[in-house]
Structures are given as structure tokens and as C-alpha cells.
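The values are calculated or read from the model by the stated rules, or taken from the named source; none is laboratory data. These figures come from a predicted structure and were not determined experimentally. Here the Cβ is made from the backbone with ideal geometry for all residues, glycine too, and neighbour counts use every protein chain on show.
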Amino acid sequence: MEIALIGDKHTIHGFRLAGIKKTFLIEDIRREDIRGVLKDLFEDSIALILITEKIAEEIGSLLEEADRFRKGIMPIILQIPDSGGPLISKIDPMRGLIKRTVGFEIA
Amino acid sequence: MAEILQNVKPTRMELLKLKKRVKLADKGHKLLKEKRDALISEFMLVIKEYKDARKRAEEKLKIAFYNLLLAEVLLGSRDIEQISGITLRDIDLNFMVKNIMGVSVPIMKIENLVRRINERGYGFLSTNAKLDDAAKSFEESILLVVKLAEVEESVRKIAEEVEKTKRRVNALEYIVIPRLKATIKHIEMRMEEIERESFLRLKKIKASLEARKTR
């Protein structure tokens, strides 16, 4: 099974050097095509979709929407930091999850 | 007081049935509570793992991007782009599903990810050692990223299940069981009422029979 990546130029160059084939340069995709790209990825036999945090923030609602195409447990979407490092301003999505699940925050 | 179930006739049969249901609900409630606690303790373990994995992946990626930047400075971004076109290959990601207390969590494995320098497919004349470093550190960071994805998904799945179980426990504890108990009480009172009524009726009949006899 394959890994796919949606990212900016730097991220894509890096991961292509490591050998990942299915890469999508975000500047190449028109905004209205993102939905189609995501759908294709969900239908292909792709196990893991990497998205840089910045892009994920931009297209957050589309990601949630795409989640409905998911059959079973695949594919997994993971947000990774881009060349600028992890976004500090962003609230960790896991934080809210922990609070809701356990009832309090764990340091 | 919780509201009572509708359409229940106040008979002994119904009462017995309801008592059985309360017993079952109690048992289910206890089991679900245990499941919830077990899941939460599992969740704590996974969370710890997740934080660790996230940190390691982010650190490795930082190094990787730094190496890439250096390579780009030395080679120029057009060259990097070209080179990144020939280092592609099929990545064999092994995807399996593990079951933790009824929750399916993914297990992913990649083999032969980190390549030797001469396996990457670019020439050495027009490239430099920094490029090798960049490629190598990206290959290593893929390993960590995949691990992170696995753990993060586990966290999500377990959290989902915890929430579901919690909701069920609460529904049983605060709605189903009180409702059943209230209905049982209602039936019991109703039956006592009927008993009293019939007792009174017997008394009355007896009295009127006596009255007729003496006449």
C-alpha cells in the first residue's frame, strides 16, 4: 500500500527524495479540485495521507467532508509540520479529545 | 422521580418481567463500566506513546528540512526538483488491523525504507553529501511519521470508543434503570391498591349478605 502527500514545494521535494511517489503540490491544485483529489485518494488503495499542517488548516472542512468516503480504517490522514516547523498557534486537536475522553487534561 | 414506562399493565407477570430486566440492566451497567475504565487506562498508555512519537517525528523532520535546505543552497532548487524526480520508488507499506478490546487500531510496517547511497538513483558527480543526508533523514522521518500516524489513529479510535461506552453507561445509569425501577414501584403500588379494593369489596359483600340474612 502507498503513502500520499499533499504539501508545499519543500515538503514535496524532501519526501520525493525519500521515494514517495504520490505527491501533490498544493500550488498545482486549484481550490475547487481539492475535493476531487481527496476523493481519488480515498478510493485508491492508499494507507496514509500526509498533509502539512498549514494546508490542513486551510482545507479543514474539506478534510472532514472527505472523511465520509472512508471505508473501514483506511486511509489515515496525518498532519505533519512543514519546513517552518510545527505550528505553535494551532491548538493541538488531541488536547480537546483527551479532555472529552478522560474528563480532565493531562499535562 | 423518573418517568415510568408506557403501556405496561399492572400485573404480576409484568412485574416479574421488569424485575428480570432491571437485573440484566444492572449487570450490563457494571460490565460497561468496567469496559470504560479499561479503555481509559488503555487510552492513557496510548496518549503517552503518542506524545513521544509526535515529538520524535517533529524533531526528525526538523533535521530533515534543515538538511534539505542546505542541499538546496548548494545545488539550487531546480536541481533538487530534478533529482527528486528520479529517487521515486514503490514504497511497501504493510497495513494490518489490531483489535484492542473491540476497537480496531491500525498497525503499519514499512520495510527497506532507508536506502544505501548508491540505491537512490542519482549520480554523484553533480550532487553532494548534503543531498545524501537530506534523503537519508527524510527516509528516517517517514518511519517516524508512519509510527506517529499509527499511534494517532489509535488514540482517535480508542477515544471514540470511550465516548460511546460512556454514553451507554450514562444512559443505563440515569435513564434506563431509574425508569425500570420507577415502573416496578408503580406496578407494586397499583397492585396493592387493587388488593385493598378487592378486600374492601369482600367486606362490603359480606356485610350486605349478613344484613340480608338477619332480615
B:SER137 vs (1) closer than 13 Å to A:LEU17 by Cα; (2) polar (S, T, N, Q); (3) outside any helix (DSSP H, G or I): all pass except (3)
Here the residues within the stretch A:44-84 that are assigned to a strand (DSSP E or B) and hydrophobic (A, V, I, L, M, F, W, C) are A:ILE46, A:ALA47, A:LEU48, A:ILE49, A:LEU50, A:ILE51, A:MET74, A:ILE76, A:ILE77, A:LEU78, A:ILE80
Among the residues of the stretch B:34-45, is any loosely packed, with under 13 Cβ neighbours inside 10 Å, of a type outside the set (S, T, N, Q) and away from every other protein chain (no Cβ under 14 Å)?
yes
Looking only at the stretch B:161-196, filter to residues that are in contact (Cβ under 8 Å) with a residue 12 or more places away in the chain and within 14 Å of another protein chain (Cβ to nearest Cβ); which one of those is nearest to A:PHE15 (Cα to Cα)?
B:GLU161
Among the residues of the stretch B:118-129, is there at least one that is within 9 Å of another protein chain (Cβ to nearest Cβ) and modelled with pLDDT of 80 or more?
no
When B:ALA149 is run through (1) in contact (Cβ under 8 Å) with a residue 40 or more places away in the chain; (2) out of contact with any Pro (no Cβ under 9 Å at 6 or more places or on another chain), the failure sits at (2)
Looking at (1) facing chain A (nearest Cβ under 9 Å); (2) within 21 Å of A:ALA4 (Cβ to Cβ); (3) modelled with pLDDT of 85 or more; (4) surrounded by fewer than 17 Cβ atoms within 10 Å (Cβ to Cβ), find the lone condition where B:ILE107 falls short.
(1)
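Condition check ((1) touching a residue at least 60 places away in the same chain (Cβ under 8 Å); (2) part of a helix (DSSP H, G or I); (3) within 13 Å of another protein chain (Cβ to nearest Cβ)) across all residues:
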site: A:ILE6; (1), (2), (3): no, no, no
site: A:ILE12; (1), (2), (3): no, yes, yes
site: A:PHE15; (1), (2), (3): no, yes, yes
site: A:GLY19; (1), (2), (3): no, no, yes
site: A:THR23; (1), (2), (3): no, no, yes
site: A:ASP33; (1), (2), (3): no, yes, no
site: A:VAL37; (1), (2), (3): no, yes, no
Conditions (1) loosely packed, with under 14 Cβ neighbours inside 10 Å; (2) in contact with an Asp or Glu (Cβ under 8 Å, 6 or more places away or on another chain); (3) within 27 Å of A:ILE51 (Cα to Cα) -> B:ILE80 fails only (1)
